[in-house]
Each structure stands twice: as structure tokens, then as C-alpha cells.
Amino acid sequence: MKEEDYESLSLEELNDKLKALQKQSSDFYNEEQAVKLTLNSIYGALGNQYFSLFNPDVAESVTLQGQDIWKFAEKIVNRYFNEIWHLDTELHEKMEVRNARKITLDMVCYGDTDSVFSGSKLLIMNDIGEKKEILIEDFFNNLAEYEEIFVDHKGNHIIETKGFSSANYKNEKIEYSGIKKIIRHKVRKPKWKITTESGKEVIVTNDHSVTVFRDDKKIHIKPSEINLDTDKILSIDIDI
């Protein structure tokens, strides 16, 4: 296919090209939303106890597969820019890029839609093994005193950091996972406040999954799907 010389096009021709690209972008967005809504509907049906094919394990696998696909995509994007980008001369020529250098940093800055309220607590550990409980907002502000804040095209405030890890419940035990980035952004989605009988609480968006025990099975569900009468939410006490 012959590439077009956009510099030789008239203003009217450029406007036509722009409208065509905007339509193409809209078509891709509609396709993306159709797939997303289909998957959400499948998850919702399989997780509904009144559905004839109700199975919480299969419903959970839908969300876990989505997480796995995202992690794979992140790995592929970072691998391309770290290992292939500086050698991709064909793309450099099309983009009129000169002196492309190898990129050593991760290119994926943000990709998760789960959001936790700024007043939620983290249990973090530094690189010398010291642990402390801290609000996410305070952790961000402390980092901002000596780390650079990057603002992306959506207005999200991002700090890249090393030397800290946060407590996670994995494989039936507490594990500490390294913190690569902490992101502050505005949330327009409805938020859910979950409070346990012991007084612990957390505020999250409905995208955020929570772990509960239902019928002696551990499952991951959305806050809106919690059964207040029967579900027991996973809550962990850790001595610092």
C-alpha cells in the first residue's frame, strides 16, 4: 500500500482524513465496549445464584483470565520497547524517528481500573525489612518529597518507586510484593465502603474485587455482590 504524503494534502483533504480516522477510532471503541459488556454479562450471569448454570468458580475464572491477559499484554509491550524498539528501523522510517535509542524503563505506566480510596491503609515494608501501616495518601505524599511526579495525558499523577513492598494474601499466606508505581487520580465511579463487624473498613470502586467466604468456598466478587447475611470477608491481622 502506497503511503500518503500528508504535507501535500489540502486543508479540506486533511479534514476528510481526520474524520475518517475519528470514525475508525469510534468503530474500534464500540467493538471494545461490545466485548467488555459481553464478558461482564457472562461474569454476572455465572455469578448469579438464580442462573441455571450458576458456578462461582467459573465466574471467578472470567475475572482471573482478564487479569492474566492484562499482565501478558503489559509484559509484551514492555518487552517490545526494551528489546525491539531501537532495532525496528522500518517503524522509525514511517514515524520519521531518528537516532532511536534502547529504552530500559518500563513503558506501561497504568493499566488497572481497580481503585482504592486515598484514606485506605497499606501495610508496607522497606528494603531493610522495616514494616509500618500507612494511609495511601500519606504514602504518596511522603514519596513526593524526594521522587519526581509524572503526569500522564489523562492527568493521573504517577510516582515510580523502588525499595518498598506491600502485604498481599497469596497462596493462603501473606507475601510482600514490590511496589513499582503509586498513582493518584480522580474517580468518578461510585465508591463502596465495606465495614466488617470488627470495625475494619475500606472504600473501593466496584471494579475492585474482594475475597469472601461463601458456603465454605473462597471466592472473589465485586463489592455490589456481597451478601451481607451470609458472606464473610477475608480480613487479616498482622503483627508489625
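The values are calculated or read from the model by the stated rules, or taken from the named source; none is laboratory data. Being a predicted model, the structure only gives us computed values, none of them experimental. Neighbour counts are summed over all protein chains in view; Cβ atoms, including those assigned to glycine, are modelled from backbone coordinates with ideal geometry.
Scanning the range 209-240 for residues that are under 15 Å from A59 (Cα atoms), assigned to a loop (DSSP other than H, G, I, E, B) and touching a residue at least 24 places away in the same chain (Cβ under 8 Å) turns up S209, I226.
For the range 13-36, the count of residues that are modelled with pLDDT under 90, out of contact with any Leu (no Cβ under 8 Å at 6 or more places or on another chain), within 27 Å of E93 (Cα to Cα) and not in a helix (DSSP H, G or I) is zero.
Tell me which residues, restricted to the range 139-177, are under 22 Å from I233 (Cα atoms) and touching a residue at least 40 places away in the same chain (Cβ under 8 Å). Selection gives S166, A167, Y169, I174, Y176. Elements of the type strands (runs of 3 or more DSSP E) sitting completely within the range 54-163 and holding at least 1 residues that are in contact with a helix residue (DSSP H, G or I) (Cβ under 6 Å, 6 or more places away or on another chain) and over 30 Å from G44 (Cα atoms): these cover 157-160. So for the range 12-19 (the condition being surrounded by 11 or more Cβ atoms within 10 Å (Cβ to Cβ) and of a type outside the set (D, E, K, R)), does at least one residue qualify? Checking the range 12-19: at least one residue is surrounded by 11 or more Cβ atoms within 10 Å (Cβ to Cβ) and of a type outside the set (D, E, K, R).
Would you be able to say whether some residue in the range 133-140 is more than 19 Å from F117 (Cβ to Cβ), in contact with a strand residue (DSSP E or B) (Cβ under 8 Å, 6 or more places away or on another chain) and of a type in the set (F, W, Y)? No, because not a single residue in the range 133-140 is more than 19 Å from F117 (Cβ to Cβ), in contact with a strand residue (DSSP E or B) (Cβ under 8 Å, 6 or more places away or on another chain) and of a type in the set (F, W, Y). All but one of (1) exposed (fewer than 11 other Cβ atoms within 10 Å of the Cβ); (2) closer than 30 Å to K222 by Cβ hold for L122; state the number of the condition that does not hold. Condition not satisfied by L122: (1). Please determine whether any residue of the range 144-166 is touching a strand residue (DSSP E or B) at 6+ places or on another chain (Cβ under 6 Å), of a type in the set (G, A, S) and either surrounded by 12 or more Cβ atoms within 10 Å (Cβ to Cβ) or assigned by TED's automatic domain parsing to the domain that holds A45 (or both). The answer is yes, given that some residue of the range 144-166 is touching a strand residue (DSSP E or B) at 6+ places or on another chain (Cβ under 6 Å), of a type in the set (G, A, S) and either surrounded by 12 or more Cβ atoms within 10 Å (Cβ to Cβ) or assigned by TED's automatic domain parsing to the domain that holds A45 (or both).
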